[in-house]
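The structure under discussion appears below in the form of structure tokens.
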2 protein chains.
Amino acid sequence: MKDKKLFLSKAQKNFPELYYRDIKPDVTEFFASTGDSFLLDLGEHAVGHFSFAFDNADDFIDAPIRLIIKFGEDMREIEDDFSAYEEGLSKTWLQEEIINLDFPQKTTMPRRYACRYIKITVDKTNKPVRLFDFCFRASTSADVSVLEPAKTADALLNKIDIVATNTLKECMQTFFEDGPKRDRRLWTGDLRLEALTNYYTFKNLEITKRCLYLFAAGNCDKLGFLPSYVYETPYYFSGSAHIADYALLFVVSVCDYYEHTGDTAVINDLMQICKSQLESFRKILDENLIVTHQEGWFAFIDWCPELEKLTALQGVYLYTLERFSELLKAIGDEEHKKYSLHLSEVRHACKKHLYDEKANAFINKLDNGQFSVHSQVWMILGGVINGREAEELLVSCLDSKDAKQSVTPYMRHYVTEALFKLNLKDEAVQYLKKFWGGMLEQGADTFWEAYIPENLDFSPYDNRVINSLCHAWSCTPSYFIRKYGL
Amino acid sequence: MKDKKLFLSKAQKNFPELYYRDIKPDVTEFFASTGDSFLLDLGEHAVGHFSFAFDNADDFIDAPIRLIIKFGEDMREIEDDFSAYEEGLSKTWLQEEIINLDFPQKTTMPRRYACRYIKITVDKTNKPVRLFDFCFRASTSADVSVLEPAKTADALLNKIDIVATNTLKECMQTFFEDGPKRDRRLWTGDLRLEALTNYYTFKNLEITKRCLYLFAAGNCDKLGFLPSYVYETPYYFSGSAHIADYALLFVVSVCDYYEHTGDTAVINDLMQICKSQLESFRKILDENLIVTHQEGWFAFIDWCPELEKLTALQGVYLYTLERFSELLKAIGDEEHKKYSLHLSEVRHACKKHLYDEKANAFINKLDNGQFSVHSQVWMILGGVINGREAEELLVSCLDSKDAKQSVTPYMRHYVTEALFKLNLKDEAVQYLKKFWGGMLEQGADTFWEAYIPENLDFSPYDNRVINSLCHAWSCTPSYFIRKYGL
């Protein structure tokens with residue numbers, strides 16, 4: 001408890017400054033009667049607060065006016081009928097308000113929205129009105145003045161970089177949000193990818209430190225895993241999900257932080273929690289060192305429907321063990337040997353128990369014989385296979401119609417990382433261009449939460465309208481482009 | 001124009017102080033899930049702003065919550081389905097909001113409401129929530145500390161007095177509003193009755209002066225009549241209706257003001273406007289000195305359906321002439337003789353042209369032979385008939401099923417005034433008790449805009465839900481009770 005209070009206070013000390021900017025849409029005024037509607041285009045995706053004024057046109061309005069104000073991250077969202085939304089995730093995420101205004105006034109709407117387009121419908125007015133003075137006050141904790149352009153000669157990669165950094169910028173508020181339209185929480189999986197891209201772009205170390213401490217202050221579950229998400233507004237609240245791969249990625253995020261800062265003070269604060277995450281995972285391995293199934297929502301990996309996740313999860317464990325033992329070695333902690341030895345044992349166990357020699361792939365009973373990109377990628381990232389063997393497996397599974405494929409940019413990040421790990425740079429760039437470039441072709445101003453080129457209506461939930469079109473975990477092209485000098 | 005600016009500046013100098021009071025409803029907290037609703041009872045009618053807080057009950061709410069918050073002046077309004085409202089007056093007057101709140105917070109709703117009951121429905125929440133800290137911040141410019149209790153021994157009259165002063169108090173904001181729920185404007189007809197009652201109750205002379213100047217600053221129509229209403233929020237705006245009886249009642253209001261204050265400075269400011277109202281009316285009389293029909297909404301008198309109004313309007317003219325010539329005499333203006341002479345001529349003309357000797361009533365061609373309480377009352381208030389003849393006519397028409405009867409407390413005020421004028425004190429008290437006491441029996445906390453004992457669903461518009469249940473023009477029982485020491 002003492003540590004938790006300390007961690008929270010350190011999180012608060014690293015509260016990032018917010019930068020505000022007033023965006024004026026393309027329309028400056030509009031005269032309207034009952035039933036009229038008009039569209040404002042901010043010209044870019046923005047996160048913030050909307051204000052406007054209205055006044056009588058000729059005669060006094062005589063009665064309050066009622067407006068319906070809809071915010072869309074893209075035009076499809078504007079055109080969608082929200083009232084048709086059948087619930088899965090809460091309908092309250094759909095950005096639409098009905099407001100009554102008693103008399104001419106300037107109004108700042110109290111909620112924060114994420115949008116490029118704003119549609120205002122005059123649902124009822126007794127007399128014509130004039131609407132004007134539209135302003136969207138955008139906020140971000142990303143300091144755009146420190147962002148250098150990507151040094152790529154490739155026009156498409158340059159465009160992808162711009163949209164990717166913009167995606168990150170929009171999600172950087174008082175913490176790393178997963179999506180500024182929907183969810184608006186700090187998730188470990190998103191944090192890891194946001195922090196990674198941030199090291200190469202906005203270089204805001206405060207927000208990264210803050211987020212690491214926010215997780216460190218969380219309540220672990222009975223297995224010992226950190227919460228997978230936390231809330232910070234209006235007060236700190238530790239989330240109720242404890243996903244094993246996300247608990248591991250917290251450890252990876254700490255390793256990333258050290259790699260990019262050399263800041264041992266933070267590492268010392270978080271060391272015990274990192275070790276306990278790995279120890280907790282160790283306890284759910286069977287006698288063969290293979291992860292066992294657990295109750296509830298236990299692994300995330302990707303939103304791919306019907307995905308079997310245990311092999312991939314085992315790969316995340318290996319990936320984390322490798323990074324963590326490197327960290328220990330770098331800071332002179334002799335325990336690195338113990339983790340390194342264990343890593344080697346688990347890798348052998350994976351090759352022995354999870355690899356199908358006939359199929360030349362990680363297809364096994366653990367995942368009911370399912371063949372997935374996810375298993376192959378994470379076993380490769382976990383170092384179970386390498387070289388030519390790994391290259392052939394990875395390239396072939398990405399082309400395979402029989403393999404479960406990634407549906408989120410989150411999982412596609414790890415696919416790309418695996419391609420780079422195997423020095424398949426051309427394939428990595430091709431993959432990046434295909435998926436992130438594909439969103440660009442669809443007019444994306446920011447990268448999406450989920451994207452399947454053949455199915456633009458895909459949603460991890462129940463309906464496309466609830467999807468987030470600016471989602472943190474899709475910002476990593478800038479990391480790849482800048483890290484590898486593409 | 002110069003005068004108008006001066007009048008507006010005098011109106012602003014007399015901006016009344018507002019008194020605020022926090023009312024806590026009977027419920028202090030409520031735990032709710034999706035679909036739950038609960039009722040708050042303020043225990044009294046109030047005008048002001050509502051605030052409340054909400055928080056997580058156990059787990060974090062996970063998504064914004066959506067509340068539907070409905071304000072009712074009585075329980076019927078709470079139970080009515082607003083979505084069924086077919087428009088006549090704007091549906092935006094119906095006091096219901098749909099609000100989305102992103103995270104636990106204290107919220108003050110931006111609009112002002114008039115209500116006793118507040119129903120909160122949790123339209124959607126992902127997790128149970130706790131709502132609490134309910135507060136209604138009531139405002140009025142009536143200083144309740146100066147209000148003395150009515151000195152009546154009659155329990156019912158005492159109750160009527162309490163509700164009547166409460167009605168006035170609720171309508172006294174930054175000006176004399178007609179109804180704090182709906183319309184919220186300064187109407188001349190309401191001003192006159194509010195000011196009259198105010199002299200005997202809260203004695204706020206500032207607000208009265210302010211309202212007189214607000215009208216004086218208005219734009220007259222081509223006939224020369226003042227606007228019948230003005231707006232003052234967020235800026236001054238002269239209304240587009242110019243009803244002749246209301247223009248005359250402005251003059252009466254000035255006379256009342258002098259009678260109760262002796263303030264000649266205000267009278268001097270407004271004298272020219274008063275004279276011009278009477279001159280304008282003079283111009284629409286025919287060669288027999290009888291008023292002629294004019295285009296548009298030309299006379300109000302009452303909301304009684306299909307009422308013919310010209311005889312009553314002629315009576316308002318006489319009533320005004322009498323009061324105005326008295327004022328001129330009191331301040332030593334010799335023109336009083338001119339007005340007095342004209343009054344006498346018009347009275348004669350009315351008896352000659354508008355009175356049916358066979359029917360012993362004011363039934364005439366001018367009103368297509370219609371028999372109404374309104375015509376009789378205003379001819380009596382105008383002094384066309386007096387004494388026994390008038391008494392018999394008034395008493396009989398109030399009991400007549402053939403006569404058009406009053407439907408608003410506004411017109412009933414003038415019926416009561418006519419009864420007092422004829423010294424029919426018992427009948428006046430009986431009339432007061434029947435109509436205002438009738439509303440009390442229906443549970444009124446404030447008196448209504450319209451009331452017909454046999455038809456509680458009556459509305460001057462299209463639907464009872466749009467009626468105002470706290471309407472300024474129904475506050476005058478306190479004037480009668482206190483003036484006549486009932």
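Points to keep in mind about this one:
- Over chain B, Cα pairs under 8 Å with separation of 6+ residues give a relative contact order of 18 percent.
- CD proxy at 222 nm, helix term only [per DSSP H run n ≥ 4: -39500 (n - 2.57); per residue of chain A; nearest 500]: -13000 deg cm²/dmol
- Pseudo-label separations to other copies for residue A:425 - Cα-to-Cβ vector, 7 Å, nm: 10.9
- Rolling a 1.4 Å probe over the heavy atoms of the protein chains gives segment A:301-455 an accessible area of 41 Å² per residue.
- Measuring heavy-atom accessible area with a 1.4 angstrom probe and counting protein chains only, the residues of segment B:119-159 that give up at least 50 Å² relative to the chain alone are B:124.
- Copies compared at residue B:38 - label distances in nm, ascending, label defined 7 Å from Cα in the Cβ direction: 4.4
- If you bin all the Cα-Cα distances of segment A:48-128 at 5 Å, starting from zero, the percentages per bin are 3, 13, 23, 22, 17, 12, 7, 2, 1, 0.
- For segment A:32-113, the solvent-accessible area works out to 34 Å² per residue, with a probe of 1.4 Å and every protein chain left in place.
- Closest approach to the axis - chain A beta-carbon, rotation onto B, Å: A:98, 3
- Cα centre as origin, Lys/Arg/Asp/Glu Cβ charges: the protein assembly as shown dipole, Debye: 1980
- Relative to the 2.2 N^0.38 Å rule of thumb, segment A:378-449 has a C-alpha radius of gyration ratio of 1.14.
- If you take the alpha carbon atoms of chain A and fit the smallest convex hull around them, that volume is 148 Å³ per residue.
- Computed from Cα positions, the angle between helix B:188-200 and the longest principal axis of chain B comes to roughly 80 degrees.
- Taking the inverse of the mean 1/r over every pair of distinct Cα atoms in segment A:1-47 gives a Kirkwood hydrodynamic radius of 15.3 Å.
- Residues B:302, B:402, B:133 ordered from highest to lowest accessible area at a 1.4 Å probe: B:402, B:133, B:302.
- Burial of accessible area (probe 1.4 Å, heavy atoms of protein chains only) in segment B:84-109, relative to its chain alone, reaches at least 40 Å² for B:90, B:91, B:92, B:93, B:98, B:100, B:102, B:103.
- Kirkwood hydrodynamic radius of segment B:18-77, from inverse mean 1/r over distinct Cα pairs, in Å: 14.0
- Relative packing of peptides B:436-446, B:288-298, A:184-194, A:413-423 - highest average C-beta neighbours within 10 Å first: A:184-194, A:413-423, B:436-446, B:288-298
- Computed from the C-alpha gyration tensor, the three semi-axes of the ellipsoid equivalent to the protein assembly as shown are 78, 26, 23 Å, from longest to shortest.
- Calculated log₁₀ intensity ratio I(q)/I(0) where the Debye formula runs over C-alpha points of segment B:90-188, q = 0.12, 0.19 Å⁻¹: -0.60, -1.08
- At 7 Å out from Cα toward Cβ: residue A:353 inter-copy label distances (nm, ascending): 11.1
- Taking the alpha carbon gyration tensor of segment B:1-150, multiplying each eigenvalue by 5 and rooting it gives semi-axes of 34, 19, 17 Å, largest first.
- In segment B:61-77, the residues that give up 20 Å² or more of accessible area when the other protein chains are added, compared with the chain on its own (1.4 Å probe), are B:62, B:63, B:64, B:66.
- Think of the protein assembly as shown as a dipole: +1 on every Lys or Arg Cβ, -1 on every Asp or Glu Cβ, centred on the Cα centre; then among A:429, A:355, A:83, A:429 lies furthest on the positive end.
- Where trypsin sites (Lys or Arg not before Pro) fall in DSSP loop in segment A:319-384, at most 14 other Cβ within 10 Å: A:358
- Simple Cβ-charge dipole of segment B:146-246, Lys/Arg +1 and Asp/Glu -1, about Cα centre, in debye nearest 20: 100
- Note on segment A:12-118: Lys pairs 8 or more places apart or on different chains, Cα atoms under 19 Å apart, count 4.
- Reduced Cα scattering model of segment B:190-314, Debye log10 I(q)/I(0), q = 0.15, 0.22 Å⁻¹: -0.73, -1.35
- Cα-derived Rg over Rh, computed across segment B:335-486 with Rh taken as Kirkwood radius: 1.00
- Sulfur and carbon atoms: percent of accessible area, the protein assembly as shown [1.4 Å]: 49
- Summing Lys and Arg as +1 and Asp and Glu as -1 over all other residues whose Cβ lies under 13 Å from the Cβ of residue A:164 gives a net charge of +2.
- On association of chains A and B, roughly 3200 Å² of accessible area becomes buried (total for both chains; probe 1.4 Å).
- The coefficient of translational diffusion for segment B:323-395, derived via Stokes-Einstein from the alpha carbon Kirkwood radius under 10 °C and 1.306 mPa s, stands at 119 µm²/s.
- Length added when fully stretched, residue A:295-residue A:44, from 0.36 nm per residue minus Cα-Cα: 86.0 nm
- What you get for chain A, charging only the Cβ of Lys and Arg (+1) and of Asp and Glu (-1), is a dipole of about 1360 debye around the Cα centre.
The values are calculated or read from the model by the stated rules, or taken from the named source; none is laboratory data. In this text, all values refer to a predicted model and were calculated from it rather than measured experimentally. Glycine gets a Cβ as well: all are built from the backbone with ideal geometry, and neighbour counts include every protein chain shown. Only protein heavy atoms, including side chains, enter the accessible area calculation; ligands, DNA and RNA are left aside. Shrake-Rupley method; radii C 1.70, N 1.55, O 1.52, S 1.80 Å.
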